[in-house]
Amino acid sequence: CGRKGPLEPPPGAPAAAVVTPAPGEDDDGIRPSASLQRPTDSGAADQGPLLDNVARPDRPFLLDPLL
Amino acid sequence: CLRPLYGDTSPAPGNQNVRDRLSAIEVQEATNRIDQQIRNDLIFAFTGGAAAPEPLYRLRVETNDALQSAVVDPFTSRPTTETYALDATFRLDRIGSTDGKPVFQGRAFGRASYDRSRQRFATIRARRDAEDRAADVVAQQITTQIAAHLATNP
Amino acid sequence: VDAAAQAQQPPANDLASSLTAGRNDDPNARMLVEAAEVLYDYDKETVSAIGDAVIYYDGSVLQADRVIYDQKNGRLRATGNVRLLERDGNVIHSESLDMSDDFAQGFVQSLQVETAARTNFAATSAQRKDGRITVFENGVYSACATCKDNPDRPPLWRVRAARIISDQQEKMVYYEDARLEFFGVPIAYLPFFQHPDPTVKRKSGLLVPTYIASSELGFGVRVPYFWNIAPNKDLTITPTVMSRQGLMLEGEWRHRLLNGAYTIRAAGVFQADSDAFPASPFGAADEDARGAFQTRGEFAINQHWEWGWNINLLSDKWVLDDYNLWGSGWNEAISTIYLTGLEDRSYFDLRGYYFLGLSSDDRQKELPVVFPLVDYNRVFDQPVLGGEMTFSANFTSLRRLEGDFEPTSPGNTLALNSTTNYTCNSFTVDCLAPGIAGNYTRASADLQWRKQIIDRIGQVWTPFAFVRGDMIWRDPSDTVGNASFMSTDQEFYTRGMAGAGLEYRFPLVAANALGTHTVEPIAQFIARPNEQHIGEAPNEDAQSLFFDDTTLFAWDKFSGWDRVEGGGRANIGLQYTWQMPAGTMINVLFGQSYHLFGLNSFARSDAAGTGLDSGLEGDTSDYVARFFVQASPNFALASRFRLSEDDFNAEATEIEGRFSRGRLTSSLMYARYDERPRLGFTDVREGILTSNRLNLTENVYLRAGALYDIERDEFSNTSFGLGYLDECFDLEVTYATDYSRDGNKERVHQMFVKLSLRTLGDANISTSIDTDSDSTF
């Protein structure tokens, strides 16, 4: 029989920088790559989160000035 | 006996009063809307809106939330009034401390209820408002506990 | 199939790399021999190491009482409590071992192998070929730890087979002529059986079937086939064969890209026997072809932005519940497309919504389509005038085809062409309109400023001010009923609000043996002009008004942008926090709100009835209070009250407790909401929600949960569970009963059996038995 495990990043994808700074350490605000949505509003609870440790590119975006 | 929490007449004249030490707390960046609401509330409670001095402490808040209701309409199987439950644990560390022992840690929680109806858009917006209200209570409880701790442990 | 393979850390080598690297032997590895006594026999060309012999070779370690190394034909024979620790973490215990000198070919008598994933093989003999395949003759495999004090006691489960072939290259384990044994008693015969090596996370093949038995579906089995196309792509095809409804086919496609992932899934069935379900409008009796489609996606644009979607299309309201698809408790299927950005102190969200109402009283045309919906919130980094400035904005635009009119008294109820959906007989009395048909668009922006000043003696003064503007385009359709609530001609108007206020707090603290006490009187005064255009436009996002301890000190007590609080108001309260040395925290807040001057926004209701029976309509509001206790992680109490200002009658009570002590963990929520006749709640709503878990022993636990409707004196749902959990075996039996009449012909009893043999796979059995004849309603 088979085994259905979680999706893995595509081959050749850069390792996602999951940064959880140690308590005393400086936190330079790199976003851990978890999704911005909270589980309570993601709808299909049975599938679980789609975005965990995905690589977040470092490129500018049109609406960046808004933030 | 009772004395002002933020009073300048703190026992040891030399020590910084509670307000200065509070505003030297840097709150770790949030990764979702509700944690950001808590963070914005905390930053105001600590600094009163003034510019923050060089940080001496770092505060980290971890939250998880749930929806719960004890009154469900048997004919529509929909809750008629629902409560948004937000639970948080927080940990205050001195920046650069190497022993990994926190200065202070504790828990806080907020509950906010709202009415649900057949109009799902109204329900979603009511839930969003309840999230903000619960976050405000969590921020208030964290501030009170940390301020009381700093006031009684110079 | 659950591959929980926590690797056991053998001391000798680096397990993680060897597990994945496969067996590439280091060609110039030297063999190091240590023993009490080493004898060289030149004519037989043998070297014998006698007495605690230890041989290190290429990362593996061989220990035995006696090892004879036969150089002529390159064989190594070890005898007497042989222990071979392989480079990839497997540990082999046996009586005798005969292997090639490079450890690749080996022939082991009566051996016992513990693999890195804490599973173990035992066999009378084993043959290892070219470092890849290990063949166990009449071997036994189990994931249960052999019990230390008497290893011969049969483990909870094991698979005994004439031949077990473990292929480390292909990472598969094959069994020939195998028997599954529980406590040594054979219970299932499997002529040929295979499963992936425990360390494998993704492997194509059949997944464990789910057995179904329900009055609506009949007996059936659900057998998913998983196709592992690539580490980031897979497809799962799941046929479900049911005795009463025939064949249902389900497909799920998952694909992960560089910066995000999306899934598409669909299910379809031509149901053979539709009248297993209630007739419309209570159920899907008149549907034959039924199906569901869902797609979800989340993509990261950069460090602070992401976008995504969650779209659901269903053939009817009940298909997800009837066929137990994709989770449970579907009251609505909300489809949304969103773009969200978040950084430091600012947040942006652009979104659209489409709602599918799944309760029998839902009429699809009454639910709005919302696009675009923009929320923006930004706290300025630098102080402005020495204080904090916040800008927030909202843009809402929606369309609704048919009006949603709710009668607030039984007398005014009119059934809409015999459906379960009711509208108002008369629109002018005892009738609310939470959904106005037509188009509605509003753009709002709000600028807030506040500054906290602490004077010398510790009083905290927080002056604040805010200004806000709304632009409203309203276009109610002139369908029946709308005119009774507002004019139906198309209009554009603006609405403004400004306000200034002061919040005064004087926190006092005392530390004594009992802990730290903080007493904080709070007073807040707000001056504003009156709210304009009340009720002239639909109220879509501020319908719920729940006056409690969290709204007491809000500058605007409405829950959305469609209403804005006006007039002069004072909010007074007292907060007390007690922190005990042991860590227990008690937090109490008690307060009341007073309408000072101008128009009380909560006394003038709108089409949705917001403010009615809210406790804020009078000049002095009801009392609100909270009493929280947090005593260490395993006890918490959150209780909140609204007491009527004239006779202290409990208008709203919520008491929630969470408690865990020793073997028992339980949570309970009691809620009671008094009648709110002007909102249609003609009787009290009172209920208890509880869930409990009792660990009988270290492995066996009991679970019980229920939602009980005190007012109707009946259960809404109950569930009881019994479970056994240890390092290799997980069994949980749950018996759940759903009393809701929504979409069910009668009370639904369901039994779920979840059985999991770690690394072999788990089996789920769900049966739902509708045996109660007395429950038809």
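How many residues are open to solvent by less than 30 Å² (accessible area, probe 1.4 Å) and either in contact with a Ser or Thr (Cβ under 6 Å, 6 or more places away or on another chain) or without any contact (Cβ under 8 Å) to a residue 40 or more places away in the chain (or both) if we restrict to the stretch C:609-624? The number of residues fulfilling the criteria is 5.
Matching residues to (1) open to solvent by 10 Å² or more (accessible area, probe 1.4 Å); (2) more than 15 Å from B:Ser77 (Cβ to Cβ):
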site	(1), (2)
C:Val319	no, yes
C:Trp326	yes, yes
C:Gly329	yes, no
C:Thr336	yes, yes
C:Gly357	no, no
C:Leu373	no, yes
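Filtering the stretch C:451-498 down to residues that are part of a strand (DSSP E or B) and open to solvent by 60 Å² or more (accessible area, probe 1.4 Å), which residue is nearest to C:Phe525 (Cα to Cα)?
By that ranking, first place goes to C:Trp461.
Taken as a whole, the stretch C:358-366 holds no residue that is at the interface with another protein chain (Cβ under 10 Å from one of its Cβ atoms), without any contact (Cβ under 8 Å) to a residue 24 or more places away in the chain and either among the hydroxyl-bearing types (Ser, Thr, Tyr) or out of contact with any Phe, Trp or Tyr (no Cβ under 6 Å at 6 or more places or on another chain) (or both). In the stretch C:699-758, counting only strands (runs of 3 or more DSSP E) that sit wholly within it, none holds 2 or more residues that are among the hydrophobic types (A, V, I, L, M, F, W, C) and touching a Cys at 6+ places or on another chain (Cβ under 9 Å).
For the stretch C:234-277, residues that are modelled with pLDDT under 90, surrounded by 20 or more Cβ atoms within 10 Å (Cβ to Cβ) and away from chain A (no Cβ under 13 Å) total 2. Cβ separations smaller than 6 Å between residues 6+ apart or across chains give the following pairs from the stretch C:470-486 residues that are among the small types (Gly, Ala, Ser) to residues that are assigned to a strand (DSSP E or B): C:Ser477/C:Gly438; C:Gly481/C:Phe405.
Give the residue, chosen from C:Gly535, C:Gly515, C:Gly481, that is at positive phi, facing chain B (nearest Cβ under 10 Å) and under 42 Å from the mean Cα position of the chain (by Cα).
Criteria check complete, one pass: C:Gly515.
The conditions of being of a type in the set (S, T, N, Q) and buried (at least 20 other Cβ atoms within 10 Å of the Cβ) are not met by C:Asn439. Looking at the stretch C:694-714, can you tell me whether even one residue there is touching a residue at least 60 places away in the same chain (Cβ under 8 Å) and either more than 21 Å from the chain's Cα centre (by Cα) or open to solvent by less than 40 Å² (accessible area, probe 1.4 Å) (or both)? No: the stretch C:694-714 contains no residue that is touching a residue at least 60 places away in the same chain (Cβ under 8 Å) and either more than 21 Å from the chain's Cα centre (by Cα) or open to solvent by less than 40 Å² (accessible area, probe 1.4 Å) (or both). Of everything in the stretch C:638-664 that's open to solvent by 70 Å² or more (accessible area, probe 1.4 Å) and under 30 Å from B:Gln105 (Cα atoms), which residue is farthest from the other protein chains (Cβ to nearest Cβ)? Step by step, filter the stretch C:638-664, then rank; the result is C:Arg663.
Can you say whether C:Phe635 is crowded, with 16+ Cβ neighbours inside 10 Å and not basic (Lys, Arg), as far as the supplied structure shows? Steps first, please.
On the way: crowded, with 16+ Cβ neighbours inside 10 Å: no; not basic (Lys, Arg): yes.
So C:Phe635 fails the test.
Can you name the condition, by its number, that C:Glu95 falls short on among (1) buried (at least 22 other Cβ atoms within 10 Å of the Cβ); (2) out of contact with any Phe, Trp or Tyr (no Cβ under 8 Å at 6 or more places or on another chain)? Here C:Glu95 meets the rest and fails (1).
Let's see how each residue does on (1) closer than 22 Å to C:Pro507 by Cβ; (2) touching a residue at least 12 places away in the same chain (Cβ under 8 Å):
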residue	(1), (2)
B:Pro4	yes, no
B:Val18	yes, yes
B:Ala45	yes, yes
B:Ala52	yes, yes
B:Leu59	yes, yes
B:Val71	no, no
B:Thr83	no, yes
B:Arg91	no, yes
B:Ile95	no, yes
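C:Ser315 fulfils the conditions (1) surrounded by 18 or more Cβ atoms within 10 Å (Cβ to Cβ); (2) more than 21 Å from the chain's Cα centre (by Cα); (3) over 21 Å from C:Tyr262 (Cα atoms) except for a single criterion, (1).
Scanning the stretch C:452-510 for residues that are among the charged types (D, E, K, R) and closer than 24 Å to C:Phe427 by Cβ yields C:Arg474, C:Asp475, C:Asp478, C:Asp489, C:Glu491.
Looking at the stretch C:404-431, which of its residues are open to solvent by less than 20 Å² (accessible area, probe 1.4 Å) and in contact (Cβ under 8 Å) with a residue 24 or more places away in the chain? Even if it seems obvious, please write down each step before you answer.
Residues of the stretch C:404-431 open to solvent by less than 20 Å² (accessible area, probe 1.4 Å): C:404-405, C:408, C:412, C:420-421, C:423-424, C:431.
Matches in the stretch C:404-431: C:Asp404, C:Phe405, C:Thr408, C:Thr420, C:Asn421, C:Thr423, C:Cys424, C:Cys431.
Taken over the stretch C:160-179, the residue count meeting the criterion of being within 14 Å of chain A (Cβ to nearest Cβ) and small (Gly, Ala, Ser) is 1. Residue by residue through the stretch C:725-743, note down the ones that are open to solvent by 40 Å² or more (accessible area, probe 1.4 Å) and closer than 12 Å to C:Arg703 by Cβ. Of everything in the stretch C:725-743, those that are open to solvent by 40 Å² or more (accessible area, probe 1.4 Å) and closer than 12 Å to C:Arg703 by Cβ turn out to be C:Leu725, C:Val733, C:Tyr735. Filtered by the rule that a residue be over 30 Å from C:Trp318 (Cβ atoms), away from chain A (no Cβ under 14 Å) and crowded, with 19+ Cβ neighbours inside 10 Å, the stretch C:180-233 gives a lone residue, C:Glu181.
Looking at C:Ile457, C:Ile436, can you tell me which residue is of a type in the set (A, V, I, L, M), free of Cβ contacts under 8 Å to residues at least 40 places away in the same chain and within 14 Å of another protein chain (Cβ to nearest Cβ)? I'd like the intermediate steps shown before the answer.
Details: C:Ile436 fails: free of Cβ contacts under 8 Å to residues at least 40 places away in the same chain.
Exactly one residue qualifies, and that residue is C:Ile457.
Residues in the stretch B:18-67 that are at pLDDT 95 or above and among the hydroxyl-bearing types (Ser, Thr, Tyr): none.
Among the residues of the stretch C:278-296, the ones that are open to solvent by less than 50 Å² (accessible area, probe 1.4 Å) and touching a Leu at 6+ places or on another chain (Cβ under 7 Å) come to 2 in all.
Taking the conditions exactly as written (open to solvent by 40 Å² or more (accessible area, probe 1.4 Å), at the interface with chain C (Cβ under 7 Å from one of its Cβ atoms) and either of a type in the set (Lys, Arg) or not in a strand (DSSP E or B) (or both)), does B:Arg19 satisfy them or not? Step through it out loud before you land on a result.
Working: open to solvent by 40 Å² or more (accessible area, probe 1.4 Å): no; at the interface with chain C (Cβ under 7 Å from one of its Cβ atoms): yes; either of a type in the set (Lys, Arg) or not in a strand (DSSP E or B) (or both): yes.
So B:Arg19 fails the test.
Can you confirm whether the stretch C:536-559 contains a residue that is part of a strand (DSSP E or B) and open to solvent by 50 Å² or more (accessible area, probe 1.4 Å)? Checking the stretch C:536-559: not a single residue is part of a strand (DSSP E or B) and open to solvent by 50 Å² or more (accessible area, probe 1.4 Å).
Within the stretch C:305-314, is even one residue within 12 Å of another protein chain (Cβ to nearest Cβ), aromatic (Phe, Trp, Tyr) and within 30 Å of C:Ser215 (Cβ to Cβ)? There is no residue in the stretch C:305-314 that is within 12 Å of another protein chain (Cβ to nearest Cβ), aromatic (Phe, Trp, Tyr) and within 30 Å of C:Ser215 (Cβ to Cβ). Here C:Arg676 fulfils each of the conditions (1) within 14 Å of chain B (Cβ to nearest Cβ); (2) closer than 28 Å to C:Glu216 by Cβ; (3) buried (at least 20 other Cβ atoms within 10 Å of the Cβ) apart from (2).
The values are calculated or read from the model by the stated rules, or taken from the named source; none is laboratory data. As the structure is a computational prediction, the values presented were derived from the model and not from experiment. FYI the Cβ positions are ideal-geometry reconstructions off the backbone, even for glycines, and counts take in every protein chain you see. The area values use the complete protein model at the heavy-atom level, side chains included, leaving out ligands, DNA and RNA. Shrake-Rupley method; radii C 1.70, N 1.55, O 1.52, S 1.80 Å.
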